[in-house]
Amino acid sequence: MVAVGQYFGRPRSSSRWYLAGGIWRWSLRRGDKLPRHIWARQAPFQRSSAADWAKATCQRANHYAGFNLLVFDGNSLYYLNNYQSTATALDPGIYAISNHSLDSPWPKVDYAKQQLRDNLAGHGPAHERLAELTSLLSRRQPYPDSRLPDTGIPHEWEKRLSSAFIISEDYGTRASTGVMVASSGEIAVMENCYELGIFKSSQRFTFQP
């Protein structure tokens, strides 16, 4: 599950799959620099493993603006960013990323992990669970001052950005996206789009690499 925050004056493009260099990528934020969040899955004919691809990316990570990246080849999942420039293999488990490194001890990061635990403990058809997954990052209430992280930004913004779903006059959550990968390899994606905190549209599709 991913929530994307942007300035409302910036044109928003929906998520999409595209093939680049033999690797299927899911771009949530497009531009002339690497998107801040990308889900990457190796195409069957791509020889590089997730480990090799992630490590190669580390070598040129300083060419891009700040990003977090997940690379998955169907067997292994790797995490990297260009603040630490190291690729980390993730064991099966529950993880969360905000605008910092993996599992930063921020209230909304802990909240997201607990929401995911609760979702995984549930039962029901896959399409219902995907819809639930997509809506998990819906908490709009900021956290109290005692729980706010100290990231160096003004206190007003620190509090405003502390909620999982962000709303302000000119900046906020534009999309919330859920992704499920079946044991067969099929990928199901659902994205809800918002403007000024108001639900506008939803798209849903499946994809077989």
How about segment 120-135: which of its residues are closer than 21 Å to Cys193 by Cβ and in contact with a helix residue (DSSP H, G or I) (Cβ under 9 Å, 6 or more places away or on another chain)?
Arg129, Glu132, Leu133
Cβ contacts < 9 Å: first residue over 16 Å from Asp110 (Cα atoms), restricted to segment 147-158; second residue in a loop (DSSP other than H, G, I, E, B) and hydrophobic (A, V, I, L, M, F, W, C), any location; separation 6+ or different chain. Result?
Thr151/Trp106; Thr151/Leu161; Ile153/Leu161; His155/Leu148; Glu158/Leu148
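To keep it simple, each residue is scored yes or no on (1) surrounded by 15 or more Cβ atoms within 10 Å (Cβ to Cβ); (2) in contact with a His (Cβ under 7 Å, 6 or more places away or on another chain); (3) without any contact (Cβ under 8 Å) to a residue 40 or more places away in the chain; (4) not acidic (Asp, Glu).
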| position | (1), (2), (3), (4) |
| --- | --- |
| Leu69 | yes, no, yes, yes |
| Asp73 | yes, no, yes, no |
| Tyr78 | yes, no, yes, yes |
| Gln84 | no, no, yes, yes |
| Pro92 | no, no, yes, yes |
| Ser98 | yes, no, yes, yes |
| Asp103 | yes, no, yes, no |
| Pro107 | yes, no, no, yes |
| Gln114 | no, no, yes, yes |
Quick check on Ile166: is it at pLDDT 90 or above, within 27 Å of Ala61 (Cβ to Cβ) and touching a strand residue (DSSP E or B) at 6+ places or on another chain (Cβ under 8 Å)?
yes
If we keep just the residues of segment 180-192 that are touching a residue at least 60 places away in the same chain (Cβ under 8 Å) and crowded, with 19+ Cβ neighbours inside 10 Å, which is farthest from Ser135 (Cα to Cα)?
Ile187
Filtered residues of segment 150-174 (kept if outside any helix (DSSP H, G or I), surrounded by fewer than 15 Cβ atoms within 10 Å (Cβ to Cβ) and among the hydrophobic types (A, V, I, L, M, F, W, C)):
Ile153
Inside segment 116-143, the number of residues satisfying the requirement of being touching a residue at least 40 places away in the same chain (Cβ under 8 Å), within 25 Å of Phe67 (Cα to Cα) and surrounded by 18 or more Cβ atoms within 10 Å (Cβ to Cβ) is 4
For segment 75-84, state whether one or more residues are more than 28 Å from Trp157 (Cα to Cα), at pLDDT 80 or above, within 17 Å of the chain's Cα centre (by Cα) and in a strand (DSSP E or B).
yes
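The values are calculated or read from the model by the stated rules, or taken from the named source; none is laboratory data. Only a predicted model underlies this, so the values are computations on that prediction, with no experimental measurement involved. Please note: Cβ atoms are built from the backbone with ideal geometry, for glycine as well, and neighbour counts cover all protein chains shown.
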